[in-house]
Amino acid sequence: MECPYCGKEMTAGFVQGARVVYFTEEEHAFFFLPGRKDIKLTRDNFFAPTCGAYQCPECRMVIIPYGKGNDGKTEEKQNTPDGPLT
Ligand SMILES: [Zn+2]
């Protein structure tokens, strides 16, 4: 995948955390309870919540396709933002 900012090839990899990672428009200050508008980025996995991602070292950006199609596989098998993520 090409970086949308600089056009260079991005490195395929993963975002992982100890708990499921969400994108949220507003910061949950004290206790995180996902809301309807919060977007789950990593798949549910008790041991290693994971999703596929791309990073650009030049721009220091990470792009995370989200949805059912992002199961954390490598770039060749991973859906991209142009792919069938729904
Ligand atoms: Zn870039």
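Rank the residues PHE46, PHE30 as a footprinting-exposure proxy: fewest other Cβ atoms within 10 Å of their Cβ go first. Display every interim value, and only then the final one.
Working: PHE46 7, PHE30 4.
Final ranking by Cβ density, sparse to dense: PHE30, PHE46.
Using the alpha carbon gyration tensor of region 8-67, what are the three equivalent-ellipsoid semi-axes (square root of 5 times each eigenvalue), largest first, in whole Å?
Working: eigenvalues 105, 41, 19 Å².
Listed largest to smallest, the semi-axes of region 8-67 are 23, 14, 10 Å.
Set the Förster radius R0 to 41 Å, insert the Cβ-Cβ distance between PHE47 and MET1 as r into 1/(1 + (r/R0)^6), and round the FRET efficiency to 0.05.
Working from the Cβ atoms, E equals 0.90.
Roughly how many nanometres apart are two label points built 7 Å out from the Cα toward the Cβ at THR11 and GLU58?
Here the modelled spin labels are 1.5 nm apart.
Taking amide hydrogens as modeled 1.01 Å from N in the peptide plane, which residues meet the under 5 Å criterion relative to THR50, leaving out close sequence neighbours?
The list, which skips near neighbours in sequence, is ARG43.
Taking θ = phi - 60°, what integer Hz values does the Karplus form 6.51 cos²θ - 1.76 cosθ + 1.60 yield along region 35-52, in sequence order, with x for Gly and Pro?
So the J values, rounded to whole Hz, are x, 4, 8, 6, 10, 6, 9, 9, 6, 5, 7, 4, 8, 7, x, 9, 8, x.
Laboratory data are not the source of any read-out in this text; all were calculated from the coordinates shown. Model, not experiment: these values are computed from the prediction. In this analysis, Cβ positions are derived from the backbone assuming ideal geometry, glycine residues included, and neighbour counts consider all displayed protein chains.
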